Amino acid sequence: KGAEFPFQGTIATTDGERMWAFRYSSEGKSRTLFFSRDLTAVRKLAPDREVLFEVSDDSRLVVSEPIGDLPGAWGEFPEGSYGVVGGGEAQLNPFKPKAPAIQVAVPA
């Protein structure tokens with residue numbers, strides 16, 4: 001029979017050079033995911049967080065909720081999207097997975 005809405009997730013992963021982050025749910029109501037637009041502004045909001053000063057100015061943070069409430073410091077991933085950051089570039093793209101053409105039974 002299957003689940004009506006089989007997937008809900010916000011995911012981020014890295015290879016040490018690039019970072020990929022995804023916001024998607026099969027229901028179309030994912031939990032939130034945000035990225036930093038301006039690390040300098042985020043550092044001002046949380047000056048006690050040493051890790052913010054250990055990364056370069058062009059680094060990006062991906063968080064489930066914004067740190068602080070500084071206008072313009074955070075951007076929200078749209079529903080059904082993914083972002084790639086690395087090598088001086090940042091991209092935000094639609095993410096629309098397709099169900100496989102063939103269904104395979106999974107033994108119980």
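Condition check ((1) within 30 Å of Val106 (Cα to Cα); (2) over 17 Å from the mean Cα position of the chain (by Cα)) across all residues:
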| site | (1), (2) |
| --- | --- |
| Thr10 | yes, no |
| Pro47 | no, yes |
| Asp58 | no, no |
| Asp69 | no, yes |
| Gly86 | no, no |
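Exactly one of (1) out of contact with any strand residue (DSSP E or B) (no Cβ under 6 Å at 6 or more places or on another chain); (2) surrounded by fewer than 16 Cβ atoms within 10 Å (Cβ to Cβ); (3) not in a loop (DSSP other than H, G, I, E, B) is unmet by Glu4. Its number?
(3)
Let me confirm something: among Glu76, Glu17, which residue is modelled with pLDDT under 90 and charged (D, E, K, R)?
Result: Glu17 is the single residue among Glu76, Glu17 that is modelled with pLDDT under 90 and charged (D, E, K, R).
For region 79-108, give me each residue that is modelled with pLDDT under 85, within 30 Å of Pro6 (Cβ to Cβ) and not polar (S, T, N, Q).
Lys98, Ala99, Pro100, Ala101, Ile102, Val104, Ala105, Val106, Ala108
If you check every pair at least six apart or on different chains, which have Cβ atoms under 6 Å apart with a residue in region 69-83 that is more than 10 Å from Pro94 (Cα to Cα) first and a residue that is in a strand (DSSP E or B) and of a type in the set (A, V, I, L, M, F, W, C) second?
Between residues of region 69-83 that are more than 10 Å from Pro94 (Cα to Cα) and residues that are in a strand (DSSP E or B) and of a type in the set (A, V, I, L, M, F, W, C), the close pairs are Trp74/Phe34; Gly75/Phe35; Glu76/Phe34.
Name the single residue, out of those in region 84-108 being assigned to a loop (DSSP other than H, G, I, E, B) and in contact (Cβ under 8 Å) with a residue 60 or more places away in the chain, that is farthest from Ala46 (Cα to Cα).
This residue is Pro97.
Would you tally the residues in region 1-28 being farther than 15 Å from Pro97 by Cα, of a type outside the set (S, T, N, Q) and without any contact (Cβ under 8 Å) to a residue 60 or more places away in the chain?
Matching residues across region 1-28 total 7.
The values are calculated or read from the model by the stated rules, or taken from the named source; none is laboratory data. Small disclaimer: the values here were computed from a predicted structure and weren't measured. Don't worry about glycine lacking a Cβ; one is built from the backbone with ideal geometry, like all the others, and counts go over all protein chains shown.
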